[in-house]
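These notes are about the structure you will find just below.
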Amino acid sequence: MQIEIKEISFEEILEVWAKKLWPGRIAVIEPVSAINQNGLIDCKILDFEAFFFGAYLKNELVGVISTHLTEENVYRLRGIYVDEKHRGLKIGTQLIEHVLQFAQNKLAKSLWALVRHKNKNYFETAGFQIHQNIHTYEFGPHYIMTKTLIRL
């Protein structure tokens with residue numbers, strides 16, 4: 001099964017996020033989130049550019065993910081979603097690996113994610129570690145999980 005991962009627009013990912021990942025979300029979905037890796041709001045993050053990627057199987061969009069800087073050399077993995085009928089095919093793993101490679105190419109020292117508790121084991125398998133447990137945001141509770149990319 002050949003999965004192709006390519007860059008997509010915010011409009012393309014927004015449709016998936018709004019309908020499938022965060023249905024009924026109260027907060028406006030923006031391209032970049034102002035949440036920093038300590039779970040606090042930092043409006044300076046909003047100045048960074050976001051990158052959106054889609055996983056395609058036979059020209060069908062079956063998964064999405066995004067990333068953006070939250071501080072110098074630190075990227076956030078955000079909004080990963082794989083269509084329910086395509087789960088178990090390692091599409092999510094490929095999306096995470098794509099963002100890991102993207103961040104490494106940008107010389108990032110670490111990557112982090114705001115992870116729902118039910119997805120903790122999945123992210124641990126991908127090499128992420130729990131940094132903090134928070135209950136602040138919609139669809140929580142969450143863990144802030146991090147992965148070191150370059151050892152300093």
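Here I65 fulfils each of the conditions (1) in contact with a His (Cβ under 8 Å, 6 or more places away or on another chain); (2) assigned to a loop (DSSP other than H, G, I, E, B); (3) of a type in the set (A, V, I, L, M, F, W, C) apart from (2).
Just the residues that are over 14 Å from Y137 (Cα atoms) and assigned to a loop (DSSP other than H, G, I, E, B), please, taken from the stretch 7-23.
Our first condition is that a residue be over 14 Å from Y137 (Cα atoms); within the stretch 7-23, this holds for 7-21, 23.
If the condition is that a residue be over 14 Å from Y137 (Cα atoms) and assigned to a loop (DSSP other than H, G, I, E, B), then S9, P23 are the ones that fit.
For the stretch 104-113, the criterion of a residue being closer than 26 Å to G24 by Cβ and either part of a strand (DSSP E or B) or touching a Phe, Trp or Tyr at 6+ places or on another chain (Cβ under 8 Å) (or both) is satisfied by at least one position. Evaluating R116 against the criteria (1) touching a Gly at 6+ places or on another chain (Cβ under 8 Å); (2) surrounded by 15 or more Cβ atoms within 10 Å (Cβ to Cβ); (3) among the charged types (D, E, K, R) leaves one unmet condition, (2). Residues of the stretch 1-36 that are touching a helix residue (DSSP H, G or I) at 6+ places or on another chain (Cβ under 8 Å), surrounded by fewer than 16 Cβ atoms within 10 Å (Cβ to Cβ) and of a type outside the set (D, E): R25, I29, A34. For the stretch 37-62, the tally of residues that are without any contact (Cβ under 8 Å) to a residue 12 or more places away in the chain, within 20 Å of W17 (Cα to Cα) and either out of contact with any helix residue (DSSP H, G or I) (no Cβ under 9 Å at 6 or more places or on another chain) or assigned to a helix (DSSP H, G or I) (or both) stands at 1. Take Y56 and decide whether it is within 16 Å of the chain's Cα centre (by Cα) and either at pLDDT 95 or above or crowded, with 17+ Cβ neighbours inside 10 Å (or both). No, not satisfied.
Among the residues making up the stretch 123-147, those that are surrounded by 14 or more Cβ atoms within 10 Å (Cβ to Cβ) and either of a type in the set (A, V, I, L, M, F, W, C) or part of a strand (DSSP E or B) (or both) are F123, A126, F128, H131, Q132, I134, H142, Y143, I144, M145, T146, K147. Condition check for K120 on (1) under 16 Å from L21 (Cβ atoms); (2) in a helix (DSSP H, G or I); (3) basic (K, R): one failure, at (1).
The values are calculated or read from the model by the stated rules, or taken from the named source; none is laboratory data. For clarity, every value in this text was computed on a predicted model and none was experimentally measured. Glycine also receives a Cβ, built like all others from the backbone with ideal geometry; neighbour counts cover every protein chain displayed.
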